[in-house]
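These notes are about the structure you will find just below.
The values are calculated or read from the model by the stated rules, or taken from the named source; none is laboratory data. Bear in mind that the values here come from a model prediction, so they are computed numbers and not experimental data. Every residue, glycine as well, gets a Cβ built from its backbone with ideal geometry; the counts of neighbours run over all protein chains shown. Accessible surface areas use protein heavy atoms only, side chains included; no ligands, DNA or RNA. Shrake-Rupley method; radii C 1.70, N 1.55, O 1.52, S 1.80 Å.
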Amino acid sequence: MNTLIKNVDIITMDQQNSKYTKGCIAIEGQKIAWVGEEVGLPDSFHADEIIDGEGKLALPGFINTHTHVAMTLFRGYGNDLPLWEWLTEKIWPLEEKLEDMDAYWLSLLGIAEMLMGGVTTFSDMYMHMEYVARAVEEAGIRAVLSRGLQGWHETSHIGLKENRDLYEKWHGQADGRIRVMVGPHAVYTCEPDFLKECKKLADELGVGLHIHLSETRKEVEDCKKEYGKSPVEHLNDLGLLDGHVLAAHCVHLSPEDMDIMKQKDVKVAHCPISNLKLGSGIAPTDELLERGVCVSLGTDGVSSNNNLSMIKEMSFAALLRKGVKEDPTLIPAHTALKMATYFGAKALAWEDQIGSLEVGKQADIVLIDITKPNYQPKLDMESHLVYSAHTGDVDSVWVAGKQLVKDKRLLTIDLERVYNEVEKIQARIMY
């Protein structure tokens, strides 16, 4: 299927930050065959479908680098509690009741929300990941999946086996849309020997690690009491930071921690809204970026957010450090948009295929309706996306050249059935 989107404004997020007014994007199969002025469109390209992009802004799909997508069940549950109390008293007891097919339906609900908000790729750490993978495959979205691992205890080896099985069955599947990482949960839930086992598995499979890191002050203080060092220093001394590491949150970091992260090329998944809602703090993203650390954006689970809107995350990411440091030049709109797109792809080691609109890359494309009042006057569309946009402005979404959202309607998910199944799960588990 070849598709031509014409007469559309374009923000490519390529290295030159190329932008086009009334340009066009040619999709050939899964990939972008042309992006730019229509006069440059190759004569050899023949479209099966032509879409008029008048009144639309095209950009690369948003990349949500840290989620627990099946936690949609807990939206609005256990609000206004600190992280440890929220986890131990509210979330973990109910999670024990979740079954395999629950994860499938709950993931479809989260994927539907993400797609309708312009998210084309997400990175997930949770349980029942075989069923999350099924939801990803059927919905058409792109994902990096990790089995959340804790240990040591009597069932720790089961999680390691499930992560291995997930890799063997799903890595590279769904026409290459699914990749797998290894997911040790955190320093406070994983003993040193278990962390080493997680690293050993990741090295054997040739994949990266996805881990929560320095999320709360308590995590850092407890780690210093037990091991005499910060969580970053602890992981570094264990050898876990050697290789591809995606570290979620990274709120409480010392200058020495940040220097280590730069040296080891640790990728950060910044989750500003979740960190605010749980009272965890505000990550020093400007200092990380100044050091050259790759900082991407994640929503975390809806249980601590309470939505999966990358547009909201961009806005908060841009505003927070301005206010904290009383410096309006920090995290400009372009940087926030890059965190949600290209830096997200880089954080997932997928920047060669996604994260920008360029010839040869995967056709993961979002069209935003810019005819609404919040985009007028059309002075600076990057600024409008970060400070003025709403999730409901997303009009159309393609992943790997396949259209998944058209005129704000999902094409691959039966929302009514998903809602019904989620209500059944809620009735069984929560009442």
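Brief remarks on what is shown
- In the stretch 262-277, the residues that are over 24 Å from Leu145 (Cβ atoms) and open to solvent by less than 40 Å² (accessible area, probe 1.4 Å): none
- Being touching a strand residue (DSSP E or B) at 6+ places or on another chain (Cβ under 8 Å) and acidic (Asp, Glu) holds for only one residue in Asp80, Asp52, Asp43, Asp14, and it is Asp52.
- Taking each residue of the stretch 356-383 that is without any contact (Cβ under 8 Å) to a residue 60 or more places away in the chain and looking for partners that are open to solvent by 60 Å² or more (accessible area, probe 1.4 Å) and outside any helix (DSSP H, G or I) with beta-carbon atoms closer than 8 Å, six or more apart or interchain, yields Asn374/His390.
- Condition met for Thr67 (surrounded by fewer than 19 Cβ atoms within 10 Å (Cβ to Cβ), polar (S, T, N, Q) and touching a strand residue (DSSP E or B) at 6+ places or on another chain (Cβ under 6 Å)): no
- Filter pass, Leu59 being under 21 Å from Lys338 (Cβ atoms), out of contact with any His (no Cβ under 7 Å at 6 or more places or on another chain) and surrounded by 23 or more Cβ atoms within 10 Å (Cβ to Cβ): yes
- Within the stretch 294-342, the set of residues being without any contact (Cβ under 8 Å) to a residue 60 or more places away in the chain, among the hydrophobic types (A, V, I, L, M, F, W, C) and in contact with a Ser or Thr (Cβ under 9 Å, 6 or more places away or on another chain) comprises Val295, Ala317, Leu320, Leu330, Ile331, Ala333, Ala336.
- Residues located in the stretch 289-339, provided they are over 24 Å from Asp265 (Cα atoms) and of a type in the set (Val, Ile, Thr): Val302, Ile311, Val324, Thr329
- Among the residues of the stretch 339-358, the ones that are open to solvent by 40 Å² or more (accessible area, probe 1.4 Å) and either among the β-branched types (Val, Ile, Thr) or within 21 Å of Gly23 (Cα to Cα) (or both) come to 1 in all.
- Restricting the stretch 49-75 to residues that are assigned to a helix (DSSP H, G or I) and under 16 Å from the mean Cα position of the chain (by Cα), the residue that is nearest to Val119 (Cα to Cα): Val69
- Selection within the stretch 271-290: residues that are under 20 Å from Lys346 (Cα atoms) and outside any loop (DSSP other than H, G, I, E, B). The member of this set that is nearest to the chain's Cα centre (by Cα) is Pro272.
- Within the stretch 186-217, the set of residues being touching a His at 6+ places or on another chain (Cβ under 9 Å) and basic (Lys, Arg) comprises just one member, Arg217.
- Applying the criterion of at least 1 residues that are without any contact (Cβ under 8 Å) to a residue 60 or more places away in the chain, of a type in the set (Gly, Ala, Ser) and surrounded by fewer than 21 Cβ atoms within 10 Å (Cβ to Cβ) to the helices (runs of 4 or more DSSP H) found wholly in the stretch 105-218 leaves 156-170, 173-176.
- The stretch 93-142, residues that are within 16 Å of the chain's Cα centre (by Cα), of a type outside the set (A, V, I, L, M, F, W, C) and more than 19 Å from Ala400 (Cβ to Cβ): Gly110, Glu113, Tyr126
- Hey, Leu94 open to solvent by less than 40 Å² (accessible area, probe 1.4 Å) and outside any strand (DSSP E or B) or not: yes
- Criterion (surrounded by 15 or more Cβ atoms within 10 Å (Cβ to Cβ) and touching a residue at least 40 places away in the same chain (Cβ under 8 Å)) met by exactly one of Leu253, Leu235: Leu235
- Check on Val293, open to solvent by less than 40 Å² (accessible area, probe 1.4 Å) and over 13 Å from the mean Cα position of the chain (by Cα): yes
- Condition check for Lys224: assigned to a helix (DSSP H, G or I), out of contact with any Leu (no Cβ under 8 Å at 6 or more places or on another chain), farther than 21 Å from Lys346 by Cβ and not aromatic (Phe, Trp, Tyr): yes
- Criterion: of a type in the set (D, E, K, R) and part of a loop (DSSP other than H, G, I, E, B) - qualifying residue of Asp257, Asp327: Asp327
- Count - residues of the stretch 21-56 that are under 19 Å from Trp398 (Cα atoms) and crowded, with 16+ Cβ neighbours inside 10 Å: 18
- Some residue of the stretch 309-329 being over 22 Å from Ala58 (Cα atoms), surrounded by fewer than 24 Cβ atoms within 10 Å (Cβ to Cβ) and among the acidic types (Asp, Glu): yes
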